Amino acid sequence: MKKIIFFLLVSSLSFAQIDRVEPPFWWSGMNLSSVQIMFYGKNIAQYDVSVSNSLVIENIKKTENPNYVFVTINTKNSPVQDIVFSFKSKNKVAFTKNYSIKERRENSKFRKSYDSSDMIYLIMSDRFANGNPNNDSSTLTVEKADRATPGGRHGGDIEGIIKNLDYLKELGVTAVWPTPICEDNDKAYSYHGYGQSDVYKIDPRYGTNEDYVRMSAELHKRGMKNIMDYVTNHWGAQHWMIKDLPTYDWLHQFPGYAQTNYHMTTQFDSNASKEDAKMCMDGWFVKSMPDLNQSNPLVLNYLTQNAIWWIEYADLDGFRVDTYSYNDKEGISKWTKAITDEYPYFNIVGEVWMHSQAQMSYWQKDSKIGAIQNFNSNLPSVMDFTLHDALSAVFNENESSWDKGMIKVYDNFTNDFLYPNPNSLLIFAENHDTQRFNEIYKNDFKKYQMAMTLIATVRGIPQLYYGSEIGMAGNKDKLGDADIRKDFPGGWNDENNAFTNSGRTETQKKYFDFTSKLFTWRKNKSVIHNGKTTHYLPENNVYTYFRYNDSESVMIVINNSNEKHKIQINHFKENIQNFKSGKDVVTGKIFDLKNDIEIEGKSVLILELN
């Protein structure tokens, strides 16, 4: 009877003592073989820890908070197995915890990531499609579904993405980037997902961890890739760990909140004050998003392991990293290197929202500008915000001048020499934080054609924001972020179902058909993916450039003026060479290259040369 009572006591204690284990499991054969496991529970630090099966505990770290203990084990030569951690008090086992070392997917280390052969589709996860109405609200999270409120939860979910993958494939999409889908338990405006409250758990209003793994598998079945939107700079104020910090310096404290000054130039400005540099990097992005301290080794290790865990667990193909340049720059460079050391071909694009090519190039891997200060971000890709800036204005500039019209686009590419790898830049006309392209240009289809032609044919990795392809607009300036993140028509069994050809309006069809034709053509065009570029100074607001390799050449002409213009073929003989004709990708029309070419105002030609 005493043995039964003792067993029940120990079982009860075990249940009460360990509330969380992170990472929840690990894998054999990882480059990161020393894994630091965080055990969390009431006064757990009072116990001594040992592990079974001859595994070696390399380190046990206890902090000022007795509810945490960080145990580092080495799994380098560990077989696939279950091990047992024993927690002892006065040499007696108080409770145990099983832990799994799993088998990796075959060739997991060498997974192919996204690159310039891809077209990325950015999805606002809560606003794309409601595939499972049963999870619109959850007892586990505070904010409930309220589609009538622009900034509320609307019910978009993982199932909605899965159900519309064939739509995306028809559009020419090869990679999907949903906004963050880990749990965000803010009381309001939690739909954007950037204030995460549990980074090992999919938000139940989107689905389950298993649903997310299934989404990856469904993408891969269709030859498409899954890109996770990862946040290293901050968590949400409702994160469970924020409520019981492992260490005071887990966050940047002043004490508590102080806002960033948002001036990222302070991170490399040799004249900047230390105070300004500190406030940019250590200040909080907003009050509801406590700023993580990546210079704390425990924090950095936690974030590194979490990122690698998601790649391995969900079979991911890449990351987009939010507010990359607000992180502790030495810490985030170590985080990035650890991931790319584990996965040599894994691509990571960082959000570096700056308006100078020199400043943006500082943040790309192996930057010569960064090397001046002995800094290497190890970041393969940055977002081409200067091209975005040009695209947001240039198509309303009908007359060319020294600094107006297509010269803005031309000048963007003249600075490509600053980037270690310009072909790895993410290029876009809009995203979930910017004004909608179709709002800026009042749904002028010809201007949309010009912008998409550029995005589809210049160097870099094109990204399309959901709904652009059916003409979706929205006014951020007047109606806020919710208006540029409206529900996709058809995702809620709407009468106007733009996911189907029969359900689209005539305007939606026009936008979709053009976009689909353009990016479907791009899929198999290595000359666009990796070819060289020669561009010519714009004349009369007409910009002409060539993408070419040893076997193919494509001539792109964009007439941004309102007038019809004649293209003097002889001016481009350097690239025309012995080609005789050009077939327009959009219309199929064939042009004889012995003669000059006329192009209508506000129009494009994409000529495959023969």
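The values are calculated or read from the model by the stated rules, or taken from the named source; none is laboratory data. Since we're looking at a predicted model, the values are computed, not measured. Because the Cβ atoms are built from the backbone with ideal geometry, glycine has one as well, and the counts that use them run over all protein chains shown. Ligands, DNA and RNA are stripped out before the accessible areas are found, and what is left, the full protein with its side chains, is counted by its heavy atoms. Shrake-Rupley method; radii C 1.70, N 1.55, O 1.52, S 1.80 Å.
Please express the shape of the chain as an equivalent ellipsoid: the semi-axes are the square roots of 5 times the eigenvalues of the C-alpha gyration tensor, given largest first in whole angstrom. The partial results should precede the final answer.
Working: eigenvalues 463, 132, 105 Å².
Those come to 48, 26, 23 Å.
So in the chain, what percent of DSSP beta bridges are antiparallel if you round to the nearest 5?
Values: 60 of 88 bridges.
Around 70 percent of the beta bridges assigned by DSSP in the chain are antiparallel ones.
Test of understanding: express the Cα radius of gyration of the stretch 373-519 as a ratio to 2.2 N^0.38 Å, with N the residue count. Present the calculation step by step, with values, prior to reporting the outcome.
Values: Rg = 16.8 Å, N = 147, 2.2 N^0.38 = 14.7 Å.
Against the compact-globule rule of thumb, the ratio is 1.15.
Taking a 25 Å limit on the Cα-Cα distance, which of the listed pairs LYS187/LYS486; LYS76/LYS334; LYS221/LYS583; LYS102/LYS201 fall beyond it?
Going by Cα-Cα distance, LYS221/LYS583 fall outside the 25 Å limit.
Scan around LEU593 for amide H atoms under 5 Å from its own, H built in the peptide plane at 1.01 Å from N, and keep only partners 5 or more places away or cross-chain.
SER581, GLY582
Shape of the stretch 280-421 from its Cα gyration tensor (a ≥ b ≥ c, root eigenvalues): rounded if a/c is under 1.5, otherwise prolate when a/b > b/c, or oblate? Write down the numbers at each step before the final one.
Values: a/c = 2.07, a/b = 1.92, b/c = 1.08.
Note, shape of the stretch 280-421 comes out prolate.
For the chain, what is the mean residue ellipticity at 222 nm derived from helices alone (per DSSP H run of n ≥ 4: -39500 (n - 2.57); sum divided by total residues; nearest 500 deg cm²/dmol)?
On the way: 17 runs with 155 residues, N = 610.
Helices in the chain give a 222 nm mean residue ellipticity of -7000 deg cm²/dmol.
For the stretch 519-610, with all protein chains present and a 1.4 Å probe, just round the carbon and sulfur fraction of the accessible area to a whole percent. Don't skip to the end; give the middle numbers.
Details: 2010 of 4650 Å².
Using a 1.4 Å probe with all protein chains present, the stretch 519-610 comes out at 43 percent carbon and sulfur.
With respect to the cross-link table entries LYS42/LYS144; LYS517/LYS589; LYS446/LYS580; LYS163/LYS225; LYS109/LYS163; LYS62/LYS90, which display a Cα-Cα separation exceeding 21 Å? Intermediate results must be reported in sequence, preceding the final value.
Numbers: LYS42/LYS144 31 Å; LYS517/LYS589 15 Å; LYS446/LYS580 28 Å; LYS163/LYS225 16 Å; LYS109/LYS163 29 Å; LYS62/LYS90 18 Å.
The pairs that break the limit, which is 21 Å between Cα atoms, are LYS42/LYS144; LYS446/LYS580; LYS109/LYS163.
How large is the Kirkwood hydrodynamic radius of the stretch 525-610, in angstrom, based on all distinct alpha carbon pairs?
Evaluated on the stretch 525-610, it is 12.9 Å.
HN-Hα J couplings of the stretch 205-216 from phi, Karplus 6.51/-1.76/1.60, θ = phi - 60°, integer Hz, Gly and Pro as x?
Each residue's phi maps through the Karplus curve to give 7, 9, x, 10, 4, 5, 5, 5, 4, 5, 4, 4 Hz.
Write down Rg/Rh for the stretch 365-414, rounded to two decimals, with Rg from the C-alpha atoms and Rh from the Kirkwood relation over Cα pairs. Don't skip to the answer; put the middle values down first.
Working: Rg = 15.1 Å, Rh = 12.8 Å.
Rg divided by Rh gives 1.18.
With a 1.4 Å probe and all protein chains left in place, how much of the accessible area of the stretch 102-199 comes from carbon and sulfur atoms, in whole percent?
Values: 1760 of 3520 Å².
C and S fraction of accessible area: 50 percent.
Return the equivalent ellipsoid semi-axes of the stretch 91-225 as a descending list in whole Å, where each equals the square root of 5 times an eigenvalue of the C-alpha gyration tensor. Walk me through the intermediate numbers first.
On the way: eigenvalues 151, 129, 29 Å².
Sorted largest first and rounded, they come to 27, 25, 12 Å.
Where Rh is the Kirkwood radius over the Cα pairs of the stretch 375-458, the temperature 20 °C and the viscosity 1.002 mPa s, what D in µm²/s does Stokes-Einstein return?
On the way: Rh = 13.8 Å.
Result for D is 155 µm²/s.
For the chain, what is the accessible area per residue in Å² when the probe is 1.4 Å?
Working: 24890 Å² over 610 residues.
Counting only protein heavy atoms, the per-residue value for the chain is 41 Å².
How are the C-alpha pair distances of the stretch 422-483 spread across 5 Å bins, as whole percents from the shortest bin up?
Whole-percent P(r) values from 0 Å outward: 4, 19, 28, 23, 15, 8, 3, 0.
So how strong a dipole does the chain carry about its Cα centre when Lys and Arg Cβ are +1 and Asp and Glu Cβ are -1, to the nearest 20 debye? Mind showing how you got there, number by number?
Details: 68 positive and 75 negative charges, 277 e Å.
Approximately 1340 debye in magnitude.
Determine which aspartates and glutamates satisfy two conditions relative to LYS478: a Cα distance under 19 Å, and not lying fewer than 8 residues away in the same chain.
GLU430, ASP433, GLU439, ASP487
Taking all pairs of different Cα atoms in the stretch 91-155, averaging 1/r and flipping that mean, what Kirkwood radius in angstroms comes out? List each step's numbers first, then the result.
On the way: mean 1/r = 0.0576 Å⁻¹.
Final number for the Kirkwood radius of the stretch 91-155 is 17.4 Å.
Residue by residue through the stretch 406-423, what is 3J(HN,Hα) from phi via Karplus (6.51 cos²θ - 1.76 cosθ + 1.60, θ = phi - 60°)? Round to whole Hz and write x for glycine and proline.
5, 4, 5, 5, 3, 5, 4, 7, 5, 9, 4, 4, 6, 8, x, 8, x, 6
Going by amide H atoms built from the backbone, whose H comes under 5 Å of the H on ALA94, apart from near neighbours?
PHE87, LYS88, SER89
Once you keep just the Cα pairs under 8 angstrom separated by 6 or more residues, what percentage relative contact order results for the chain? Working shown, then result.
On the way: 1316 pairs, mean separation 66.9, N = 610.
Taking the mean separation of contacting Cα pairs over the length of the chain, I get 11 percent.
Can you pull the percent of Cα pairs in the stretch 261-352 with separation above 20 Å?
On the way: 1657 of 4186 pairs.
Considering the stretch 261-352, 40 percent of its Cα-Cα pairs are separated by more than 20 Å.
If the viscosity is 1.567 mPa s and the temperature 4 °C, what translational diffusion coefficient in µm²/s does Stokes-Einstein give for the stretch 455-539 when Rh comes from Kirkwood over Cα pairs? Don't skip to the end; give the middle numbers.
Working: Rh = 15.2 Å.
Diffusion coefficient, whole number: 85 µm²/s.
Rounded to a whole number of µm²/s, how large is the Stokes-Einstein D of the stretch 327-394 at 25 °C and 0.890 mPa s, given Rh as the Kirkwood radius over C-alpha pairs?
Numbers: Rh = 12.6 Å.
Result for D is 195 µm²/s.
Taking N as the number of residues in the stretch 207-268, what is its alpha-carbon radius of gyration divided by 2.2 N^0.38 Å?
Details: Rg = 18.1 Å, N = 62, 2.2 N^0.38 = 10.6 Å.
Normalised Cα radius of gyration, the stretch 207-268: 1.71.
Binned at 5 Å from 0, what are the whole-percent values of the Cα-Cα distance distribution for the stretch 520-572, short to long?
4, 18, 26, 19, 15, 13, 4, 0
Tell me the carbon and sulfur percent of the accessible area for the stretch 222-330, rounded to whole percent, probe radius 1.4 Å. Don't skip to the answer; put the middle values down first.
On the way: 1910 of 3530 Å².
After summing per-atom areas, the C and S share lands at 54 percent.
If you take all C-alpha pairs in the stretch 37-166, what percent of them are over 21 Å apart? Provide the component values of the computation, followed by the final result.
Values: 5466 of 8385 pairs.
Counting every Cα pair in the stretch 37-166, those more than 21 Å apart make up 65 percent.
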